[in-house]
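Input: a single structure, listed below in C-alpha cells.
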Amino acid sequence: MSGGTAARRGLRLGRIGGVDVHLDRSWFVIAVLTVVLYGPILWRIYPELGWINLVIAFGFAVGLAFSVLVHEVAHALVGRAAGWPVGRIVLTLMGGHTTFGAVRASPGSTALVSLVGPMANIILAGIGTAVMLLAPAQNAGPGWALLQLLVFANWILGLFNLLPGLPLDGGRVVEALVWRLTGSESKGTAVAAWSGRGLAALIVVWIVWQRLWTSPITLLIMLMIAAFIFMGASQALKQAKVLGRVHPLRAASIARPAFEFSPDLPLSMVDTSVLAATSQGYSGWTPDVVARDAASGHLGLLSPQRAATVPADLRGSTPVGNVMEWAPAEASAPADERGDDLLRHLEINGFPWVIVLDPERSVVGVVHHQDLARHIMGR
C-alpha cells in the first residue's frame, strides 16, 4: 500500500532504486506468528526434518517480506515516474507502506500508482504457479511446500489489496474513479473510506460465520486486519472532511488584500502608502506588501519584522526589496485555484504563503497557510 507516515524505528536494510528501505521492529511480530502458525504444520508433514521445519517457516516470513517489498517498490518506481517525491519504504507488522512527499496528484496517477503494487504480486504469483505446473511432480519436498506457501501468499496479497476500500490499493482506485466522475477528491476519498469500513465489517461477519474463535491465532490475525482497515478508513474520512471544507474555496475569495510595489521603491514611500490605506501600518491582517523582481521573476512579501529593524532615518534610502521574504515564481497561484489544490500547492513547495494572480499576472492578494487552516477548522 502507498501513502502513510514512515516509521523511524527499526532497521535500515539499504536502498533500492535510490529509495531507502526500512524494516520496522513490528515486523518481527508477524515473523514469530508465521513460525508459530506454519511451523507445526510443516512438522506434521515432514517430521523427519525436526526443528528445520521452523527454519523453513521463518523462510516463509522472509519470503513474504520480500513479496511485500516487491509490491512497495512497484509503488515507489511508478510514483517517481509520475513525478511524486518518494520518501521511503517501510516493512511493518501489517505488510508495508511507501511514503511520498506532498504531491499534486490526479485521478489517473493515483489509480496507476495504486494498481501496480497488487499487480506486481499477481505477476509473482503467476510465475510461481507456472513453475509448479511445469516442474516434475517428484520435486515435492520442504522447498516445494515453501514455494506453494509463497505463491498462495502472493495471490492473497495481490487480490486482497485490490478490494475496493481504503486503505487498500483497490480503495485508492475507487477514490480515483469517483474523483474523476465528480471532480472532487474529497468525495472520492469519502466513498472509498466508507467502502473500507464496510470491508472491515464484512471481515468481522466472516469471523463470526466461520467461528474463528476456535482458532486463536487465526482469529487474532483476522481481527488485526479488520482493525487495520477500519482505522485506515476512519483516518481517510477525516482527510476527506478537511478536503471537503476547502474544495469549494477559490484563491481569490480568501486572499488578503495586497499592494504591489517595485522592489527598488524606498521603504518610506511604502510606509506612507500603507498608513494612508489602513491607518494601522503593518499590523493586523491587511494589507500585505508584495514586490516582484522583473529580472528573476521572484516574488516577495514584506516582512514586518525586517521592516521594523530599519531606523526611521534610513527608510528613505532603503529599498523595500531589502525587507522582503523572497520566493520563486512558483509561490503564486491563479485566482480561480480551488482550495484543496491551493492547500496541496503550499504543502508541496513548503511555502508559508502564495501570491494570488489574475490572468494578466496582476496581484489579487495573498493567501497564508493560516488562512486555509482557519477554514479547515471551520472558523
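The values are calculated or read from the model by the stated rules, or taken from the named source; none is laboratory data. As the structure is a prediction and not an experimental result, all values here were calculated from the model. Note that we place each Cβ from the backbone using ideal geometry, even for glycine, and neighbour counts take in every protein chain shown. Protein only, heavy atoms only, side chains kept; ligands, DNA and RNA dropped before computing areas. Shrake-Rupley method; radii C 1.70, N 1.55, O 1.52, S 1.80 Å.
Structure notes:
- Think of each Lys and Arg Cβ as +1 and each Asp and Glu Cβ as -1; about the Cα centre, that makes the dipole of the chain roughly 1140 debye.
- The mean accessible area for residues of the chain, using a 1.4 Å probe and ignoring ligands and nucleic acids, is 49 Å² per residue.
- Relative contact order %, the range 97-234, counting alpha carbon pairs below 8 Å whose residues are six or more apart: 22 percent
- The slack in the chain from HIS375 to ALA130, taken as 0.36 nm per residue of separation less the alpha-carbon distance, amounts to 82.7 nm.
- For the chain, the relative contact order comes to 12 percent (Cα pairs under 8 Å, sequence separation of at least 6).
- Proportion of all alpha-carbon pairs of the range 74-185 beyond 21 Å (%): 46 percent
- Mean shadow area of the range 1-92, taken as a quarter of the surface of its Cα convex hull (nm²): 6.5 nm²
- When the chain is treated as a Gaussian network with alpha carbon springs shorter than 10 Å, the biggest mean-square fluctuation among ILE355, ILE127, ILE30 belongs to ILE127.
- When the range 334-379 is reduced to its Cα atoms, the Kirkwood hydrodynamic radius in Å: 11.0 Å
- Measuring r between the beta carbons of PHE160 and ASP293 and using R0 = 41 Å, the FRET efficiency lands at 0.15.
- Cubic angstrom per residue, convex hull over Cα atoms of the chain: 176 Å³
- Carbon + sulfur, % of accessible area of the range 57-216 - ligands and nucleic acids excluded, 1.4 Å: 74 percent
- For the range 58-108, the set of trypsin sites (Lys or Arg not before Pro) satisfying both a DSSP loop assignment and a count of at most 15 other C-beta atoms within 10 Å is given as ARG104.
- Helix-derived mean residue ellipticity, 222 nm - over the chain, DSSP H n ≥ 4, -39500 (n - 2.57), to 500: -18500 deg cm²/dmol
- Cα-centre dipole for the range 105-251 with unit charges at Cβ (Lys and Arg positive, Asp and Glu negative), debye to 20: 540 debye
- Once the GluC sites (Glu not before Pro) in DSSP loops with at most 14 neighbouring Cβ atoms within 10 Å are cut out of the chain, the longest remaining piece is 1-329.
- Net charge of neighbours whose Cβ lies under 12 Å from the Cβ of ASP169, counting Lys and Arg as +1 and Asp and Glu as -1: -1
- Computed over the chain with a Gaussian network model linking Cα atoms closer than 10 Å, the most mobile of ALA329, ALA252, ALA82 is ALA329.
- Counting Lys and Arg as +1 and Asp and Glu as -1 over every other residue whose Cβ lies under 15 Å from the Cβ of PRO319, the net charge comes to -2.
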